[in-house]
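Working notes, structure below.
Every number in this text was worked out from the coordinates using simple rules, so none of it is lab data. This is a predicted model, so every value here is computed, not measured. Backbone-built Cβ (ideal geometry, glycine too); neighbour counts: all protein chains shown.
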Amino acid sequence: MTGSKTRTQRRMERKQALTLLVLVLVVSLSSFTLGVIVGRRGAERDMAQSFPEPRRIMVAEVPQQTPLPEPVVEEEAKPAEEEKLTFYDNLSRGETVPLGSGINLPPEEKKAQEVKPQPKPAPQPAPTEKKAIEPPVPAKTPAVAKQIPSTIPPADASGTYSVQVGAFSSVADAGRLKKSLIKKGYPVFIAEADLGPKGLWYRVRLGPYADPDTAKKALLIADQKDKIKGFVSRL
């Protein structure tokens with residue numbers, strides 16, 4: 001004899017049966033959905049393979065042809081109407097013209113109208129214009145150049161102005177210039193100047209003179225006479 005099952009065992013079997021049923025349903029649904037998804041993707045791939053993308057055909061653009069101008073047809077010149085021949089012209093050509101036709105008369109000669117030359121009017125004398133008599137322009141007298149004295153002004157020992165004509169760092173060079181100027185009649189002396197880092201310089205000067213005007217005069221004479229350049233300086 002088999003033992004009888006209790007209520008709890010029966011309940012447990014029912015629960016197990018329900019859970020198994022639910023699991024089977026869930027597995028079947030998931031497999032179904034997966035199958036649908038895979039089937040759709042496969043169908044899309046098959047459709048893509050069966051219908052390839054249409055190829056793009058490049059069509060070259062044809063330039064628009066401009067219509068050519070229509071040729072201009074020149075109208076043929078109409079032949080001039082033939083002049084009617086008179087009786088004498090027909091005879092010269094050997095053609096017979098019936099009498100009484102009204103065209104056997106000789107051509108009328110056109111009488112040239114005599115044109116009497118009209119006398120030309122005598123040329124009238126042109127009116128004389130009275131020209132204003134301009135007074136003679138006096139000739140411009142050339143400006144008299146200022147005469148510059150050729151002698152150099154004498155030096156003044158008490159003067160405070162001079163004309164500097166050269167500066168040298170060597171005493172020998174300054175001495176040579178001084179001797180050449182003395183030979184030409186210029187009053188010359190040498191002034192020493194201490195320029196610090198540049199050293200001792202020797203300045204060759206003309207003079208001295210009492211005022212700047214005399215020094216300028218001496219510089220002008222030296223420039224025009226011997227082309228000596230310099231400037232007025234105060235001692």
Most packed first (mean Cβ within 10 Å per residue), the peptides 201-214, 219-232 order as 201-214, 219-232
Quick calc, segment 167-234, dipole around Cα centre from Cβ unit charges on Lys, Arg (+) and Asp, Glu (-), nearest 20 debye, gives 260
Over all Cα pairs of segment 167-234, the Kirkwood radius sets Rh, and Rg/Rh then becomes 0.98
